[in-house]
Amino acid sequence: SFSICLAVSKRIFLDVLKQKYPDPRQYCDYNGQLAFWSGLLTAFSALVLTPLLLKKCRWVTASLVTPLCLVVTEGAFFFTLWTPSKEMHLEMLVLLGTIFFCVVRAAKFTLFDTSKELSFLLLPSLEKMQGKLVIDGMCSRLGRGGASLMSLLLIQLCGGVLASAFVAGWIALAIGTSCVAATWKLGRLVDHKHKNTIPN
């Protein structure tokens, strides 16, 4: 679900970016800036934020940061995009899209991936192997492929990338909200499993 949300929202944002920077050189330059700030935030999160949250907070708290960042930042981006006077808000759209792109990618590569790996630690060896196979081997690829297929269908049905933004936005927000709910439920299971494995 996370891969679908990220891919769908990123595609809309990159199309907005093309409206702001129609010159390919400026567009490539801004993409370079996106990569720089995304890398900088990822490094900060990996060195400071992730160790601090994992040390001080419960598993579910650290795990919820990424899906909540996703829902909040993409929600702000899409609600601004859906306003009737969106042409006047191009600067704001690029700013919100940049925040979404950089913050969510940084959280995904640090907190999200680390939390995912930690959730396997309490499982028996066979379940750990099966879980890794399903999550990393099947679901991540299914998410990316599903996001691409959904985007292609929406673009064909709606007539363009920005024309599909209303439907794609609601789908992405619904899936992102379900990701938050699933993480919360998994957190309760992880906490229960952790309590049962601690000797009295």
Compute the long axis of helix 59-81 from its Cα atoms, compare it with the longest principal axis of the Cα atoms of the chain, and write down the angle in degrees, 0 to 90, nearest 10.
10 degrees
Hey, if you drop one equal point scatterer on each alpha-carbon of the chain and run the Debye formula without solvent, what base-10 log of I(q)/I(0) do you get at q = 0.16, 0.17 Å⁻¹?
-1.09, -1.19
Computed over the chain: longest principal axis from alpha-carbon atoms vs helix 140-158 long axis, angle to nearest 10 degrees, is 30 degrees
Could I get the Rg over Rh figure for region 1-86? Both from C-alpha atoms, Rh via Kirkwood, rounded to two places.
1.05
Highest to lowest packing among 64-74, 19-29, scored as the average C-beta count within 10 Å:
64-74, 19-29
Just to verify a number: what accessible area does Met138 come out at with the full protein assembly present, 1.4 Å probe, Å² rounded to tens?
120 Å²
Summarise the accessible area of region 2-132 (1.4 Å probe, protein heavy atoms) by the percent that is carbon and sulfur.
69 percent
Can you compute 3J(HN,Hα) from phi for each residue in region 7-21, using the Karplus curve 6.51 cos²θ - 1.76 cosθ + 1.60 with θ = phi - 60°, rounded to whole Hz and x for Gly and Pro?
5, 5, 5, 5, 4, 5, 4, 5, 6, 5, 4, 5, 5, 6, 10
If one compares the long axis through the Cα atoms of helix 165-197 with the longest principal axis of the Cα atoms of the chain, the angle in degrees, nearest 10, works out at 10 degrees
Taking the chain and counting helices only, DSSP H stretches of n ≥ 4 at -39,500 (n - 2.57) each over all residues, the nearest-500 ellipticity at 222 nm comes to -26000 deg cm²/dmol
Quotient of C-alpha Rg and 2.2 N^0.38 Å, computed over region 65-142:
1.52
Could you provide, to the nearest whole Å², the per residue accessible area of the chain with probe 1.4 Å?
58 Å²
Using Cα pairs closer than 8 Å and at least 6 residues apart in sequence, work out the relative contact order for the chain, in percent.
41 percent
Can you give me the three principal axis dimensions of region 92-200 from its C-alpha atoms, in Å, biggest first?
60, 29, 20
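The values are calculated or read from the model by the stated rules, or taken from the named source; none is laboratory data. Values in this document were obtained by computation on a predicted structure and should not be read as measured data. All Cβ positions, even for glycine, are placed from backbone atoms using ideal geometry, and neighbour counts span all protein chains on display. The area values use the complete protein model at the heavy-atom level, side chains included, leaving out ligands, DNA and RNA. Shrake-Rupley method; radii C 1.70, N 1.55, O 1.52, S 1.80 Å.
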